[in-house]
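Data first, discussion second: the structure below is written as structure tokens.
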Amino acid sequence: IPLSNGRGAFSESLAEYVMASALHFNKQIPRCQSNLAEKRWDRFTMATLRGRKMGFVGFGDIAQCSAGLARAFGLEIGVLRRDPSKRSESGLEDRVYTSKDELLAESDFVVCTLPGTPATRHYFSSAEFASMKPGAVFISCGRGVCVDESALAAAISGGQDLFAALDVFEQEPLPADSPLWSLPSERLLITAHNADLTEDYFELGWKLFTRNMDRFRAGKALATPVDIDAGY
């Protein structure tokens, strides 16, 4: 039985979320909001994105769409690959890494868009967070199962200079007793798996579904087939 998925339907809004998350911490928006609440004139030095590196773990449609926007801001694009000779059709990679630790250590922003499979469960855990450079921003908008949330909470609460933006979680809704809720807001941005919940969400999904249906009825290969062996 052929199966299709929603690959590409919501990539644009998710790419905007990635960049919004990067800017949120790069421009210290929580600090700006605190200054407003405290009526504090705080003329701090404003950082820029240009010249920094965004490292992608998972480089499918969401990541490539994000990389396109990141390039417009002058960010360097790093991509983790098992096969260094494999490059995307977009050609957006400035550097391909085969070492996860090396990519994590060199990236100012780490974006996880991995699919949720047994092989990717808790792909990001204590060791990975410890490998990230000081001040790094971790952005997760793939599947929540890929992130060890307890390890992330422990890293931030333990004093590691780390920031995170999370739109997906291992259990949703995120339980009230999750340690993530207790982290300081200047270190963590949480959204309720709604980075892709746009006004045209159902229209975008339906367009892709009908495209696959038309191809199926015509005896053609599906536009977005599921790889049963890979699990996504």
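The values are calculated or read from the model by the stated rules, or taken from the named source; none is laboratory data. From a predicted model like this one, the values you see are computed outputs, not experimental measurements. Using ideal geometry, Cβ is built from the backbone for each residue, glycine included, and neighbour counts are taken over all protein chains shown. Side chains included, ligands, DNA and RNA excluded: accessible areas come from the protein's heavy atoms. Shrake-Rupley method; radii C 1.70, N 1.55, O 1.52, S 1.80 Å.
Scanning the range 1-32 for residues that are more than 22 Å from A136 (Cβ to Cβ) and either of a type in the set (A, V, I, L, M, F, W, C) or at pLDDT 95 or above (or both) yields a count of 12. If only residues of the range 69-88 that are surrounded by fewer than 13 Cβ atoms within 10 Å (Cβ to Cβ) and among the small types (G, A, S) are counted, the one that is farthest from D161 (Cα to Cα) is S85.
Would the range 22-37 turn up any residue that is aliphatic (A, V, I, L, M), within 16 Å of L92 (Cβ to Cβ) and outside any helix (DSSP H, G or I)? Give the steps one after another, and end with the answer.
Kept after step one, since they are aliphatic (A, V, I, L, M), are these residues of the range 22-37: 22-23, 29, 36-37.
Checking which are within 16 Å of L92 (Cβ to Cβ) leaves us with 22.
Applying the additional criterion that residues be outside any helix (DSSP H, G or I) yields none.
Checked against the condition, which is being aliphatic (A, V, I, L, M), within 16 Å of L92 (Cβ to Cβ) and outside any helix (DSSP H, G or I), the range 22-37 yields no hits at all.
Looking across the range 89-124, the residues that are within 29 Å of K27 (Cβ to Cβ) and among the hydroxyl-bearing types (S, T, Y) come down to S90, Y97, S107, T113, Y123. Taking the condition among the aliphatic types (A, V, I, L, M), within 22 Å of M54 (Cβ to Cβ) and at pLDDT 95 or above, does L197 pass? No; evaluated as a whole, the condition is false for this residue. Scanning the range 155-209 for residues that are assigned to a helix (DSSP H, G or I) and open to solvent by less than 40 Å² (accessible area, probe 1.4 Å) turns up A155, I156, L180, G205, L208. When T224 is tested against (1) touching a helix residue (DSSP H, G or I) at 6+ places or on another chain (Cβ under 8 Å); (2) without any contact (Cβ under 8 Å) to a residue 60 or more places away in the chain; (3) open to solvent by less than 50 Å² (accessible area, probe 1.4 Å), only condition (2) is not met.
The residues of the range 116-128 that are closer than 15 Å to G231 by Cβ and touching a helix residue (DSSP H, G or I) at 6+ places or on another chain (Cβ under 8 Å), listed by number, are G116, T120, R121, Y123.
If you check S140, S182, which single one turns out to be at pLDDT 95 or above and either more than 27 Å from F10 (Cα to Cα) or hydrophobic (A, V, I, L, M, F, W, C) (or both)? Before the answer, list the steps.
Values: S140 fails: either more than 27 Å from F10 (Cα to Cα) or hydrophobic (A, V, I, L, M, F, W, C) (or both).
That would be S182, the only listed residue that is at pLDDT 95 or above and either more than 27 Å from F10 (Cα to Cα) or hydrophobic (A, V, I, L, M, F, W, C) (or both).
Just so you know, in the range 39-68 the residues that are polar (S, T, N, Q) and farther than 25 Å from G116 by Cα include one that is least open to solvent (accessible area, probe 1.4 Å), and it is T48. Take I139 and decide whether it is among the hydrophobic types (A, V, I, L, M, F, W, C), open to solvent by 30 Å² or more (accessible area, probe 1.4 Å) and under 26 Å from R7 (Cβ atoms). Spelling it out, it is not the case that I139 is among the hydrophobic types (A, V, I, L, M, F, W, C), open to solvent by 30 Å² or more (accessible area, probe 1.4 Å) and under 26 Å from R7 (Cβ atoms). If the condition is being crowded, with 16+ Cβ neighbours inside 10 Å and touching a helix residue (DSSP H, G or I) at 6+ places or on another chain (Cβ under 6 Å), then the range 89-109 contributes L92, Y97, L104, F109.
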